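What follows is calculated from the coordinates using simple rules that are stated; it is not laboratory data. Computed from a predicted structure; not experimentally measured. Here Cβ is always computed from backbone atoms with ideal geometry, including for glycine, and neighbour counts include all displayed protein chains.
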Amino acid sequence: MPSAIRLTPTLLLALASSTALADGDLMTRNTLTGDWGGLRHQLEEDGVKVTGDYSGETAYNTHGGLHRSARYSQNIKLGVQFDLSKLYGLDNGGKVQLTINDRRGNSASEDLVGNRLPIQENYGGLYTRLTELSYERTLFTPALNVKLGYMAMGNDLGGLDSGILCNFMNAGFCGHPLNMSGGSGWTNYPNAHLGMRVKYDFSPSWQLRVAAFNVDPESNGNSSRAWHLGPKHTTGTVVPVELVYKLQGELPGEYKLGYYYDSSNVKRIGSSKQVAGRGGHYLLIDQAVWNDPAMPGRSLHAFGQYSASSEAASPFTKWYGTGVVLYKPFASRPRDTVALGYGRAVQNPRSRDVLEDAAFDAGQQFPNIDGAEQLIELSYGYQATPWLNLRPDVQYIVEPGAFSGKDIDNALVVGLQVKATF
């Protein structure tokens, strides 16, 4: 495959300028590139939906951590969905999704702060890859939806459907609790594996989700496997089960209770022996707590995250996250948001024992540090146009060296996230 074009802010402006005259007002259209003279709309009517987006995240460490400097990372995602019912006139023909992803840049966490929770949620796996080739349709009844193929399991499970958590830039919030993937075969986007996901709607409020995915650690972050759908070295199967409740009414809410089990045999932390299987459970909540009666659309949501994973083989065993998001903070800014969150990632005591033993063997004193990394994040989502979002962001990281066993000063990081829909 040819190398991907890096989409910089300059290139974004060039693309916008080239399509501004052809597709109307740049500031009011839904996508950067517009409707392509009507072709895009016609393709979707015929059953071919083309999508694309860009995210760029710049983070500067102003205090503490390792170094004073800035780092930039970016993610480009291009996709096409084929509606087989429209394309071939089939009854419930289903949909095929093809997605390609490219990531570039440098890590503020690795280079500047030395912490565990990625400051830039779009950093990791810096190459072009296939991230999804799947087929989805209802089966037997509209209440039963099945999806199978090559895909990232975190797209359908382990996160809140409302998207409230991606009002933050740190990967500790955006997505799903990181101890899931840190201690099992659960994979973060854009890592994809062969699998199958089933959803069943008991009612408009209750839904059950069950999935099974191949576990292949050697393919994660491996550029030589970027276009290989089949596994290289299967170690087992990870099976998540998730119960979803969606509260209806003036103050809507979303509640998820999940459990997952990975059948892989893995090395115990601090031991040469292996453990057969590893698992975990989680609870995710997004609840509206206030609506402004004088300003429709203005509301305050509270969220909560709790996740616990096996102590035998997980680098950190618990994650706690909580916070609030204010939608439509000003009457003149109906699509803006203000988000404030707190998170705590608890290191596995066995991992800490390994670090302490290594320091003792090297004749070094182990620093007096907390066994958990903590995060406070504040962001403002400015919806500049329907297709462009600018998010100034501040993160304060407490005990950045908790997982590495190093005494690192608390860090204050300022950043900017830019998201554009093509």
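A few notes on this one:
- When Rg and the Kirkwood radius Rh are both evaluated on Cα atoms of segment 9-421, their ratio Rg/Rh stands at 0.97.
- Relative intensity of segment 55-169 on a log10 scale, I(q)/I(0) at q = 0.13, 0.17, 0.21 Å⁻¹, equals -0.67, -0.94, -1.19, per a Debye sum over C-alpha point scatterers of equal strength in the absence of solvent.
- Per-residue Cβ neighbour counts within 10 Å put ILE164, ILE369, ILE376 in the sequence ILE376, ILE369, ILE164, beginning with the fewest.
- Inter-part distance where segment 124-147 and segment 181-222 are each reduced to a Cα centre, Å: 10 Å
- Here segment 32-49 and segment 324-362 have alpha carbon centers that stand 40 Å from each other.
- Loop-located trypsin sites (Lys or Arg not before Pro) in segment 232-325, at most 13 other Cβ atoms within 10 Å (DSSP): LYS232, LYS273
- In plain terms, the bigger the Kirkwood radius, the slower the diffusion; for segment 272-422, with that radius from Cα pairs, at 20 °C and 1.002 mPa s, Stokes-Einstein puts D at 117 µm²/s.
- As a proxy for reagent exposure, ranking ILE408, ILE76 by other Cβ atoms within 10 Å from fewest up yields ILE408, ILE76.
- Anisotropy class of segment 375-422 from Cα gyration tensor, a/c 1.5 cut: prolate
- Calculated over segment 321-402: convex hull of Cα atoms, volume per residue (Å³): 111 Å³
- Folded to 0 to 90 degrees: helix 349-361 orientation relative to the chain principal axis, Cα: 50 degrees
- Shape class of segment 137-292 from the alpha-carbon gyration tensor: prolate, with a/c at 1.5 or above and a/b greater than b/c.
- Loop GluC sites (Glu not before Pro), segment 174-252, which have at most 10 other Cβ atoms in a 10 Å radius of their Cβ (DSSP): GLU250
- Taking amide H atoms as placed 1.01 Å from N in the peptide plane, the amide H of SER310 lies under 5 Å from those of GLY279, each 5 or more residues away in sequence or on another chain.
- Net length gained if the chain between GLN365 and ASN106 were fully extended (0.36 nm per residue, minus Cα distance): 90.1 nm
- Helix 9-20 axis, angle to the chain major axis (alpha carbon atoms, nearest 10°): 10 degrees
- The 3J(HN,Hα) values that the Karplus relation (6.51, -1.76, 1.60; θ = phi - 60°) gives for segment 25-37 are, in residue order, 6, 4, 7, 10, 5, 7, 10, 4, 8, x, 9, 6, x Hz. Gly and Pro appear as x.
- Among TRP36, TRP319, sorting on how many other beta-carbon atoms sit within 10 Å of each Cβ, with the fewest leading, yields TRP36, TRP319.
- Placing R0 at 56 angstrom, the Cβ-Cβ distance between VAL398 and LEU90 gives a FRET efficiency of 0.50 after rounding to 0.05.
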